[in-house]
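Beneath this line is the structure, given in structure tokens, with notes to follow.
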Amino acid sequence: NSLEKYLKTEKYITNNYEYESQVGVCNSLVVTDFGGDIMPIEISIYKDNSEIRETGNLSSVFKESILTSTGFIKANCNLLNINIDVFNKRCIHLHMPSIAIKKDGPSGGVAITTAIISAIKKHEIPKDIAFTGEMTLKGNILPVGGIKDKIIGALNRNIKTIYIPYGNKKEVEALDKNITQGINFIYVKCYEEIIKELGL
């Protein structure tokens, strides 16, 4: 509480993503220049030309992740109990806050897919859950980098559960217990496992 008295005004303010659990929003774990953090992915669906819109300073890699996620969802409408018509004459708009920050997104596939399904099915995702993992068009979940930083970032944001690629399990288990204690890690190999876990 006395830091500001001695160090003056805070120079670097961490991103404040406090929000209540809501439909069409879920947390993606990211690594920034300042370490690990969470970044919410927001989805809105509205009547418009059938298309995908992306805002939030997203890289081409991130945009490819969005196309992969929507491709997976369209191909698995029966599994997800989704009417394919939702993609006709509707716009799926994905936004990530803090537009000044470039988002690379190689490990955002699982979070993107979850946020889109949440918006379509009006299924609320708890705010104390976060996701990381690259997704293939067939729904396989691939291991990603920056795991230690991401977990520390999640810990700092009071995240209680992390969905993480099974391929990163040994890496997580090798971390010091003071980093991983209190977090429930759910290791997944394919997206169908997340569908069952979250009841999507």
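In this calculation the C-beta distance from THR55 to LEU7 is compared with R0 = 35 Å, giving a FRET efficiency of 0.50.
Karplus-based coupling profile of the range 129-138, in residue order and whole Hz: 10, 9, 9, 8, x, 7, 10, 8, 5, 8, with θ = phi - 60° in 6.51 cos²θ - 1.76 cosθ + 1.60 and x standing for Gly or Pro. Measuring nothing but how far apart in sequence close Cα pairs (under 8 Å, 6+ apart) lie, relative to its length, the range 74-183 scores a relative contact order of 21 percent.
Cα-based values for the range 78-157, radius of gyration first and Dmax second, are 14.5, 42 Å. For the chain, the longest principal axis of the alpha carbon atoms and the long axis of helix 60-75 meet at an angle near 40°. Hydrodynamic radius of the chain by the Kirkwood approach over all distinct alpha-carbon pairs: 17.3 Å. Working from Cα pairs under 8 Å separated by at least six residues, relative contact order for the chain is 25 percent.
Probe radius 1.4 Å, ligands and nucleic acids ignored: give me the carbon and sulfur share of the accessible area of the chain as a rounded percent. Carbon and sulfur atoms account for 48 percent of the accessible area of the chain. Normalising by residue count, the range 1-113 has a Cα convex hull of 130 Å³ per residue.
The amide H of GLN22, built 1.01 Å from its N in the peptide plane, has ILE125 as neighbours under 5 Å, considering only residues 5 or more places off or on other chains.
Computed on the range 116-200, the Cα convex hull volume stands at 91 Å³ per residue.
What whole-number value in Å² describes the accessible area per residue of the chain for a 1.4 Å probe?
55
Here the Karplus relation 6.51 cos²θ - 1.76 cosθ + 1.60, evaluated at θ = phi - 60°, turns the backbone of the range 31-37 into coupling constants of 10, 10, 5, 9, x, x, 6 Hz, with x for every Gly and Pro. Beta-bridge orientation, the range 1-101: approximately 75 percent antiparallel, per DSSP, counting only bridges with both partners inside.
Shape index of the range 16-74: Rg/Rh, with Rg the Cα radius of gyration and Rh the Kirkwood radius from the inverse mean 1/r over Cα pairs, equals 0.98.
Filter LYS127/LYS170; LYS74/LYS138; LYS63/LYS138; LYS138/LYS160; LYS148/LYS169; LYS102/LYS169 down to the pairs with a C-alpha to C-alpha distance above 21 Å, please. Violating the 21 Å limit, Cα to Cα: LYS127/LYS170; LYS138/LYS160; LYS102/LYS169.
When the chain is described by a simple charge dipole with +1 on each Lys and Arg Cβ and -1 on each Asp and Glu Cβ, the residue from TYR187, ASN1, ALA154 located farthest towards its positive end is TYR187. In this structure, LEU137 and LYS63 have a Cβ-Cβ separation that, at R0 = 25 Å, corresponds to a calculated FRET efficiency of about 0.95.
Note on the range 89-150: with charges restricted to the Cβ of Lys and Arg (+1) and Asp and Glu (-1), its dipole about the Cα centre is near 280 debye.
Computed extension length for GLU124-ASN178: 16.4 nm, one decimal, from 0.36 nm per residue of separation with the Cα-Cα distance subtracted. DSSP finds beta bridges in the chain, and of those with both partners inside it, around 55 percent are antiparallel.
In this structure the amide hydrogen of VAL188, modeled in the peptide plane, comes within under 5 Å of the amide hydrogens of ILE164, TYR166, none closer than 5 places in sequence on its chain. Determine ³J(HN,Hα), in whole Hz, for all residues of the range 111-128 in sequence, where each value follows from phi through the Karplus function 6.51 cos²θ - 1.76 cosθ + 1.60 and θ = phi - 60°; x replaces Gly and Pro. Once θ is set to phi - 60°, the couplings for the range 111-128 become 5, 4, 4, 5, 5, 5, 4, 4, 5, 5, 8, 6, 9, 6, 9, x, 6, 9 Hz. Computed FRET efficiency, Cβ-Cβ of SER21 and LEU79, R0 25 Å: what is it to the nearest 0.05? It comes out at approximately 0.55. Once you treat every alpha carbon in the range 111-159 as an equal point and sum by Debye, what is log10 I(q)/I(0) at q = 0.13, 0.14, 0.22, 0.31 Å⁻¹? Taken in order of the listed q values, log10 I(q)/I(0) reads -0.38, -0.44, -0.93, -1.11.
The values are calculated or read from the model by the stated rules, or taken from the named source; none is laboratory data. Not measured: the values here are computed from a predicted model. When we count neighbours, we look across all protein chains shown, and the Cβ atoms used for this are built from the backbone with ideal geometry, even at glycine. We work out accessible area using only protein heavy atoms, side chains counted, and drop any ligands, DNA or RNA first. Shrake-Rupley method; radii C 1.70, N 1.55, O 1.52, S 1.80 Å.
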